[in-house]
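What follows is a set of notes on a single structure, which appears directly below.
Any read-out appearing in this document is the output of simple, stated calculations on the displayed coordinates, not a laboratory observation. Everything quoted here is computed from the prediction, not taken from an experiment. Here Cβ is always computed from backbone atoms with ideal geometry, including for glycine, and neighbour counts include all displayed protein chains.
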Amino acid sequence: MKNNVLIKNAILSVQDKSGIQEFAKNLSKLGVKILCTEGTANFLKKSNIDVINISNYIKLPEIFNKRVKTLHYKIYGGILHRGEKDKNIIKKYKIIPIDMVIINFYSLNNLELYENITENIDIGGPSMIRAAAKNYKYITAVTNNSQYKKIIKEMKNNENCVTLNTRLKLAKIAFKNTLNYETLVNKIFNKKIEKSKNKNKIIFPEVINLKLTKKQEMRYGENQHQKSALYESKNLEYMFSIKNKNIGKKLSYNNIEDVNTAIECIDQFKKPACVIVKHSNPCGAAIDSTILKAYIKAQKADPISSFGGIVAFNKKLDYLTAAEIIKKQFVEIIITPEIEEKTLNVINTKKNIRVIIYKKNNTFKSLIDIKSVHGGFLLQEHNTNNIDIKKIKIVTKREPNDTEINDSIFAWKIAKFVKSNAIVFAKNNITLGIGSGQTSRIYATKIAKMKSEQINKNLKNSVMASDAFFTFTDNITVAEQIGVKCIIQPGGSIKDKEIIQEANKHNISMIFTNIRNFRH
């Protein structure tokens, strides 16, 4: 039995005691001598299991209100010994050579609620498990009650031995468990620091440890020659799920980008709304009394760009709306917070349309954005700023009426998700033209105007939203030519006075939000 280790002595100290009685009984029946901390020892003695109290073995009591129980050379010498190589030292200092360490840690599930959290952080447990995992060639590290039956079975089949392969696997799991434990402690301390600094909404610690789990492979990345996969945070459930999973066609990297934009954009609205997204840009959006009416208007806003786009709704997708989508356009993905089987069956008559169910007002909005750059990563607070109608500032002589204010806020919310430089024309809660991703704001304005004109949209009495301030009056001139009556923009340019004067000259009202929404 080469590389097998005979289990003679074990240390047992567990917070979660489920299954431990049966495990300890089986170990005892197999002739294993069991050493325990006081709490576990008392628990097992009630079941008439013969154990040695560690305090009696090391000739020291548990001290400092049980802060120190196992931190002793006899314990770690027993765990870190190297078999025959160290047998003389073991004998000299009367150390019991340990062959198995069974540990699970103090629960931290509600630790942030405790006044004095330091008393509940396990020191000895993780230390012994690390030592056992490090010394896996000689020691079996057990960290979960799901492992108990398998270990007993292997010992019975191998003359009380545990194989090297099993010890290695258990060591890997042990290090993963200690990593998870320390990560949770770190998270709790970060929360305490955040609470002590109420002025800061987000903390950027000196070191960030990302724990991500692969959710699924993508079909490809931005291009077919690039491989891609989606990972999710283990502490947060991802924002959406695919309803019709058996549709066949996997999502791509670009699909996820578009879905993310569509969900964040549509989730801003309370009334029935539809947003159509293409290449991570809204290309048509509308609010109406029903999602069917909203969809029809959003699709008409830019029927060319909406082809092959992603259609998102903030209300339950009904049968009539689904049928209208299939009749009107080619679509890859439909997003909704809720759908009935009857409606889903209609969609499934078309090949490869994925239906995505998203969680309204999900906590993903509070995350930070991470972007890779050469040699590192850029992090920023996620843009969760919302416009407050009470804080907008009207800076022109002409004041916008209620309809123009509502249209301006609608256009502003859409512009937030349009790549910079961004311009959005809107009227009656419908986008009429969107200019995106231009190196000059006047180009974005002219493109939005051109798109609207190509589908014979009337821009008279419309509103215009800009994601950032105007540095020149040329945008105001174009707005006047097409009949814009109100402009909403952040303000803050050194030429604000000149811009306002130009708006006054053309009898255009202007709203300052004091919020910039660059999106790169």
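Just a few scattered comments:
- Violating pairs (Cα-Cα greater than 26 angstrom) within the set 393/505; 278/327; 327/457; 270/390: none
- Taking 0.36 nm per residue of sequence separation and removing the Cα-Cα distance, the residue 440/residue 191 pair yields an extension gain of 85.4 nm.
- Region 260-314, relative contact order in percent, only Cα pairs under 8 angstrom and at least six apart counted: 41
- Checking [x] 37, 31, 21; [y] 64, 27, 19; [z] 86, 22, 14 against the coordinates, the calculated semi-axes √(5λ) of the Cα gyration tensor in Å falls under label [y].
- For region 29-52 versus region 292-362, the inter-centroid distance based on Cα atoms is 62 Å.
- Normalised contact order of the chain, rounded percent, pairs of Cα under 8 Å and 6 or more residues apart: 8
- For the chain, share of DSSP beta bridges that run antiparallel, in % to the nearest 5: 55
- Net charge of neighbours whose Cβ lies under 14 Å from the Cβ of residue 49, counting Lys and Arg as +1 and Asp and Glu as -1: +4
- The helix-only estimate of mean residue ellipticity at 222 nm for the chain, built from DSSP H runs of length n ≥ 4 each weighted as -39500 (n - 2.57), is -10500 deg cm²/dmol after division by the residue total.
- Taken along the Cα-to-beta-carbon direction at a fixed 7 Å, the label points for residue 59 and residue 397 span 9.9 nm.
- The calculated FRET efficiency for the pair residue 232 and residue 67, based on their C-beta separation and a Förster distance of 30 Å, comes to about 0.20.
- Potential lengthening between residue 87 and residue 29 on full extension [0.36 nm per residue; Cα-Cα distance subtracted]: 18.3 nm
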